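Heads up: the structure comes next, in structure tokens.
Derivation of every value follows stated rules applied to the coordinates shown; laboratory data play no part. Computed from a predicted structure; not experimentally measured.
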Ligand code: GYE
């Protein structure tokens, strides 16, 4: 028979898709979980993943993206460390006809044709959840509540938006006062250092709002070193809900955590597949997430993946 000659030709889809991913860095537990999710799901999907770590520097990310353009990858994805300054390199990718997918953090480019979609959380909403919980807790206060804020990386979407969302929710109560606000760059070390300075400068801190768990965890070390009880002497709110943060919450050291889901890998691989297949995709894909009190954290902890 002629069975040997009628074997199906290799379908076009069998060509391995190459994805270039320019990651922010390895600044937090959230980032570690996010990187693992992207690497694991690229592997599961059978993509050839080129991965780079920008160590929280925009110039490194731009360099990595330019390398991916030169290498003619099929799709470029990245999590922009800061919001501004991407138009030139995004235009270069567009001219090279390489689709770009934003994950996790947004850019402020006016020309939205520079990227196919943005997959990630609504950070303003996260800030609002934090602010709402605090406003509720202190709704009957007759005294001033002194809040210190540890901001994320300066100029990053989550720092800008978590600050704005929080401010929006607490402004209706003039007793809720942000007395100091500084960047801790989303790291434990910086969170600790800045909290130490806050404690030195202000004897009467009631609340800490940290833009991520890692900075809250660093701050907790500083608070304990100052002889104070985190979660009691100072109410602590943070964002992410990674394992270490949830553990501190279960121990009552963090009072409230707003969840930010780092497991974006599967959604990203789906979007890459769709873009390569020429399918229409949503311009904005929002991640679903919740909130945790200490009690909730205790219950949820055994089943957390990250
Ligand atoms: O909250 C923080 C990380 O961009 C959502 O970056 C991400 C943030 C996350 O360093 O822990």
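When DSSP beta bridges are limited to those with both residues in the chain, what percentage is antiparallel, rounded to the nearest 5?
Working: 3 of 41 bridges.
DSSP beta bridges in the chain are roughly 5 percent antiparallel.
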Can you give the angle from 0 to 90° between the axis of helix 29-45 and the longest principal axis of the chain, with both taken from C-alpha atoms, to the nearest 10? 20
If each Cα of segment 154-306 is one equal point scatterer, what is log10 of I(q)/I(0) from the Debye formula at q = 0.11, 0.15, 0.20 Å⁻¹? -0.49, -0.83, -1.28
Quotient of C-alpha Rg and 2.2 N^0.38 Å, computed over segment 218-306: 1.46
Longest principal axis of the chain (C-alpha) makes with the long axis of helix 188-201 (C-alpha) an angle, in degrees to the nearest 10, of 20
In square nanometres, what is the average projected area of the Cα convex hull of segment 79-145? 6.1
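Determine by what factor the alpha-carbon radius of gyration of segment 11-163 differs from 2.2 N^0.38 Å, reporting the quotient. It would help to have the intermediate numbers written out before the result.
On the way: Rg = 18.5 Å, N = 153, 2.2 N^0.38 = 14.9 Å.
Normalised Cα radius of gyration, segment 11-163: 1.24.
How big is the convex hull of the Cα atoms of segment 158-220, per residue, in Å³?
Working: hull volume 4.8 nm³, N = 63.
It is 77 Å³ per residue.
Note down the Stokes-Einstein diffusion coefficient of segment 137-188 in µm²/s, whole number, using a Kirkwood radius over alpha carbon pairs, 20 °C, and 1.002 mPa s. Before the final figure, lay out each step's value.
Details: Rh = 11.9 Å.
Answer from the Stokes-Einstein relation: 179 µm²/s.
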Angle between the chain longest axis and helix 58-70 axis [Cα atoms, degrees, rounded to 10]: 10
Please compute the alpha carbon radius of gyration of segment 45-98, then divide it by the globular-protein estimate 2.2 N^0.38 Å. Two decimals is fine. 1.11
The value for segment 114-221 (convex hull of the alpha-carbon atoms, volume per residue, Å³) is 103
Pairwise centroid distance, computed over Cα atoms, of segment 246-306 with segment 104-133, Å: 14
For the chain, count all C-alpha to C-alpha pairs, find those more than 26 Å apart, and express that count as a whole percent of the total. 48
Mean residue ellipticity at 222 nm from the helices of the chain, using -39,500 (n - 2.57) per DSSP H segment of n ≥ 4 over the full residue count, to the nearest 500 deg cm²/dmol? -12500 deg cm²/dmol
